[in-house]
1. Among the residues of segment A:122-130, is there at least one that is touching a residue at least 12 places away in the same chain (Cβ under 8 Å), in contact with an Asp or Glu (Cβ under 9 Å, 6 or more places away or on another chain) and surrounded by 15 or more Cβ atoms within 10 Å (Cβ to Cβ)?
2. Residues that are within 14 Å of chain B (Cβ to nearest Cβ) and within 19 Å of A:Ile141 (Cα to Cα), at least 1 per element: which helices (runs of 4 or more DSSP H) completely within segment A:1-119 meet that?
3. Name the single residue, out of those in segment A:102-131 being aliphatic (A, V, I, L, M) and in contact with a Phe, Trp or Tyr (Cβ under 6 Å, 6 or more places away or on another chain), that is nearest to A:Ile55 (Cα to Cα).
4. Collect the residues in segment B:59-68 that are outside any loop (DSSP other than H, G, I, E, B) and over 19 Å from B:Lys20 (Cβ atoms), keeping them in residue-number order.
5. Can you pull out the residues in segment B:19-65 that are at the interface with another protein chain (Cβ under 9 Å from one of its Cβ atoms) and among the acidic types (Asp, Glu)?
6. Quick check: is even one residue across segment A:45-67 within 11 Å of the chain's Cα centre (by Cα), closer than 19 Å to B:Pro25 by Cα and of a type in the set (A, V, I, L, M)?
7. From the list B:Gly52, B:Gly10, which one is more than 21 Å from A:Ala32 (Cβ to Cβ) and of a type in the set (Gly, Ala, Ser)?
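The values are calculated or read from the model by the stated rules, or taken from the named source; none is laboratory data. These figures come from a predicted structure and were not determined experimentally. Cβ coordinates were reconstructed from backbone atoms using ideal geometry, including for glycine residues, and neighbour counts include every protein chain displayed.
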Amino acid sequence: MSDQGEEPISLVLFSGTDDRLTAAAVLTAGAAALGRPVHIFLQYWALDAFRADKINMRRPLAPEAGPEGAAAVQQAHADGQQPWVETLRMAKEIGEVDIQACSLSMDILHLSADQLDPIVDGVEGVAAFYVNAGVGQVVFI
Amino acid sequence: MTLTESNPTGTGQVTTLDAKGLKCPMPIVKTAQAIKNVSSGDLLEVLTTDPGAVADFAAWSRSTGNELVEQTVADGVYRFVLRRK
């Protein structure tokens, strides 16, 4: 085993754009494939994207994409790139991936737990997030 | 020497995973899935067209302890042979 085999990685998802959610899903799947536990903390617009009634919706892109970037992303989807939520589901199948909603964001967006897609494992506060992150890296997306 | 002959510990079974055409991180994700169905000591052969796979499979092997026993490339297809630990 290497020095980082079991070291957890924590991702804070803030943005609800398709490109950032896809990037986060790819990072999650890669970490899961390496056997590293992944903690995902959903805030603001990322949390909104995990609503049961919105999780399969086409999301906008980050502003820096521009028309050229938007065309490239659209082409990737047309060529069969799977949606970010499918990549996350696959990551959960192969590894230890825990997805938690930020309780403050739940409050701000007037959401209750039953409105979230079942891929979300629960609701927690920032203290629980930090304790679960432990000594592992935290990445904000 | 065939793959089976080079396998001293497993049941002699070689599983092949065709991940050609899949983009990062799917080759390594499918590999992590497929290795679960391989007996300890047996071999998993993975075929991929993702150029990032060369670095990825080396890192995955180092991190998970599944040995990378063979690595070849021909006509844009990368082939990795892994022995389940």
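1. Pass one, segment A:122-130, residues touching a residue at least 12 places away in the same chain (Cβ under 8 Å): A:122-126, A:128-129.
Pick out the ones that are also in contact with an Asp or Glu (Cβ under 9 Å, 6 or more places away or on another chain) and you get A:122.
Checking the rest, the ones that are also surrounded by 15 or more Cβ atoms within 10 Å (Cβ to Cβ) come to none.
Checking segment A:122-130: not a single residue is touching a residue at least 12 places away in the same chain (Cβ under 8 Å), in contact with an Asp or Glu (Cβ under 9 Å, 6 or more places away or on another chain) and surrounded by 15 or more Cβ atoms within 10 Å (Cβ to Cβ).
2. Working: elements: A:18-33, A:44-49, A:66-78, A:84-94, A:103-108.
So the answer is A:18-33, A:66-78, A:84-94.
3. At the first step, the residues of segment A:102-131 found to be aliphatic (A, V, I, L, M) are A:104, A:106, A:108-109, A:111, A:113, A:116, A:119-120, A:123, A:126-128, A:131.
Cutting the leftovers down to in contact with a Phe, Trp or Tyr (Cβ under 6 Å, 6 or more places away or on another chain) gives us A:116, A:120.
On the way: A:Leu116: 9, A:Val120: 11 Å.
Looking at residues that are aliphatic (A, V, I, L, M) and in contact with a Phe, Trp or Tyr (Cβ under 6 Å, 6 or more places away or on another chain), I get A:Leu116.
4. Residues of segment B:59-68 outside any loop (DSSP other than H, G, I, E, B): B:59-64, B:67-68.
Across segment B:59-68, the qualifying residues are B:Ala59, B:Ser61, B:Arg62, B:Ser63, B:Thr64, B:Glu67.
5. B:Asp56
6. Scanning segment A:45-67 turns up no residue that is within 11 Å of the chain's Cα centre (by Cα), closer than 19 Å to B:Pro25 by Cα and of a type in the set (A, V, I, L, M).
7. Values: B:Gly52 fails: more than 21 Å from A:Ala32 (Cβ to Cβ).
Result: B:Gly10 is the single residue among B:Gly52, B:Gly10 that is more than 21 Å from A:Ala32 (Cβ to Cβ) and of a type in the set (Gly, Ala, Ser).
The rows are residues; the columns are (1) modelled with pLDDT of 95 or more; (2) surrounded by 13 or more Cβ atoms within 10 Å (Cβ to Cβ); (3) at positive phi; (4) not hydroxyl-bearing (Ser, Thr, Tyr).
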site: A:Phe14; (1), (2), (3), (4): yes, yes, no, yes
site: A:Arg20; (1), (2), (3), (4): yes, yes, no, yes
site: A:Ala31; (1), (2), (3), (4): yes, yes, no, yes
site: A:Pro37; (1), (2), (3), (4): yes, yes, no, yes
site: A:Asp48; (1), (2), (3), (4): yes, yes, no, yes
site: A:Ala71; (1), (2), (3), (4): yes, no, no, yes
site: A:Ala78; (1), (2), (3), (4): no, no, no, yes
site: A:Pro83; (1), (2), (3), (4): yes, yes, no, yes
